[in-house]
Amino acid sequence: MDNNNTDRDTLPKDNLISEYSELFQAIDVATIALDSANVGIWIIEVESRKFSPSKRTKELFGYYPENEMSFEEALLQITEKHRANVNKAIEISFKKHSYLFIEFPVIGFHDNENRWLSLTGGFNSSNVGNNYFSGIVIDITEQKQNNLRRSKFIGMVSHELKTPLTALNAYIQMLNTWATKQKDSFAIGTMSKVDRQVKKMINMINNLLNLSGAEAGKIHLNKQAFKLNELIKEVIDETLFMTSSHKIHMVPCEMINVVADRDKIDQVLVNLLSNAAKYSEKGTSIQIACALKDNCVELSVIDQGLGIAQQDIDKLFLPHYRVESKETERIPGFGIGLYLCAEIVKKHKGNICVESELGKGSTFKFTLPVNLI
Ligand code: ADP
């Protein structure tokens, strides 16, 4: 690919209807800046789907600058696995006039090169011509490859750390049984503390393992049938064992059988429950409720904690997002727990959301289809 263009990456004006001439004069100036940053630009008329890619945009899809490239031809370069999703996101933005931000892999038309592209765009209403979408496209292949390498590294290290920890956990259970038989209260107390710390580490490592899977787009589900009530009870007991600082109640609910990945749903509940405890005053109450709604079961974790401001709610489920405030700055965390909860719930074809009021508390809710196969 030519990274040393001396020609300006101008739009093919001759192809475009004259009403846009003012727009293109403005774009000409911006083009110099975009050109030096290797950024492609594109315009598409909403009604006619007349597509006008810049030279750099064509290059990113593997076309020669002098080639024509229609919207449909650009779509065809997107790998089959991602094409339908990209098309859907574009159509939704066109329909709702909403901001467009998508990342997807392409295989270049002439050069057959694999690239990851990031496409951003927005709606523009024109009082001289038709409404159109315009935006930029950039090559993010290197960034994607670095992320993948980092994810693989995290996955490998976490896996290596988990093996001795699992063995340690088993020895702790054996020592616990022995100490109980000996009625050695010092050993029982100490083993219980060791057990808590090891469980915390196992939980952190499970999060890192799931993070590495989620970032590589590979969360594997090992589905099995189980009773949700029993899992909730186990998670509550475990959380109470780890932290006795809060009152945790389960609102009684009917026996619900689901077919899901028990360990991963356990992870979601542990994350939501430990957040509820982490972000609320000691001594306050936390509730877990579940209810059947249509073909779903809805689980809620309700706390009386710090609450979350409206502007943070939309970003909470993004990787590494943490709310920055005086109250949260001293509470440690990596900002991956909620991202993982969302990825695991999505993988089960469920939904996750939060209702919250600053200073009053939060309710995190997620659904799981009951007839999961
Ligand atoms: P972490 O807790 O490690 O920072 P999470 O992904 O679990 O990461 O949470 C992201 C952010 O969401 C947290 O930093 C916190 O600010 C906010 N948050 C999560 N759960 C709650 C809660 N129950 N109450 C208030 N804020 C919360």
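Coordinate-derived values only; no laboratory data. A quick note: this is a predicted structure, and the numbers were derived from the prediction, not measured. Ideal geometry is used to build each Cβ from the backbone, glycine not excepted, and the neighbour counts take in all protein chains shown.
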Using only the Cα atoms of segment 224-369, what semi-axes does the equivalent ellipsoid have when each is the square root of 5 times a gyration tensor eigenvalue? Give whole Å, largest first. 24, 17, 14
Within segment 43-150, which GluC sites (Glu not before Pro) sit in a loop by DSSP and count at most 10 neighbouring Cβ atoms inside 10 Å? Glu47, Glu66
Quick query: amide H of Val297 versus all other amide H atoms, modeled in the peptide plane; which residues come in under 5 Å with a sequence gap of 5 or more or a different chain? Leu368, Val370
Show that you can apply the helix-only estimate: for the chain, add -39,500 (n - 2.57) for every DSSP H stretch of four or more residues, divide by all residues, and state [θ] at 222 nm to the nearest 500. -15000 deg cm²/dmol
Tell me, what ³J(HN,Hα) does each residue in segment 131-147 have, in order and in whole Hz, if you take phi through Karplus 6.51 cos²θ - 1.76 cosθ + 1.60 with θ = phi - 60° and put x for Gly and Pro? 5, 8, 9, 9, x, 10, 9, 10, 8, 10, 4, 5, 4, 4, 5, 5, 4
Phi angles of segment 321-329, converted by Karplus (6.51 cos²θ - 1.76 cosθ + 1.60, θ = phi - 60°) into ³J(HN,Hα) in whole Hz with x for Gly and Pro, give 7, 10, 6, 9, 8, 4, 6, 8, 5
Loop-located trypsin sites (Lys or Arg not before Pro) in segment 128-228, at most 13 other Cβ atoms within 10 Å (DSSP): Lys183, Lys218
In whole Å, what are the extents of segment 199-299 along the principal axes defined by its C-alpha atoms, from largest to smallest? 39, 34, 19
Rounded, prolate or oblate: which fits segment 281-347 when a ≥ b ≥ c are the square roots of the eigenvalues of the alpha-carbon gyration tensor, with rounded for a/c under 1.5 and prolate only if a/b beats b/c? oblate
Relative to the Cα centre, what is the charge dipole magnitude of segment 144-215, using +1 at the beta carbon of each Lys and Arg, -1 at the beta carbon of each Asp and Glu, and rounding to the nearest 20 debye? 160
So who's got an amide H within less than 5 Å of the one on Glu113, skipping anything under 5 residues away but keeping other chains? H placed 1.01 Å off N, in plane. Gly108
Grab the Cα-Cα distance for Lys233 and His97, subtract it from 0.36 nm times how many residues apart they are, and report the gain in nm with one decimal. 44.4 nm
For Leu318 and Thr166 in one chain, what is 0.36 nm times their gap in residues minus the Cα-Cα distance, to one decimal in nm? 51.8 nm
Please state, rounded to one decimal and in Å, the Kirkwood hydrodynamic radius that the chain gives when every pair of distinct Cα atoms enters the mean of 1/r. 24.3
Can you figure out the FRET efficiency of Lys181 with Val157, using R₀ = 45 Å and their beta-carbon distance, to the nearest 0.05? 0.75
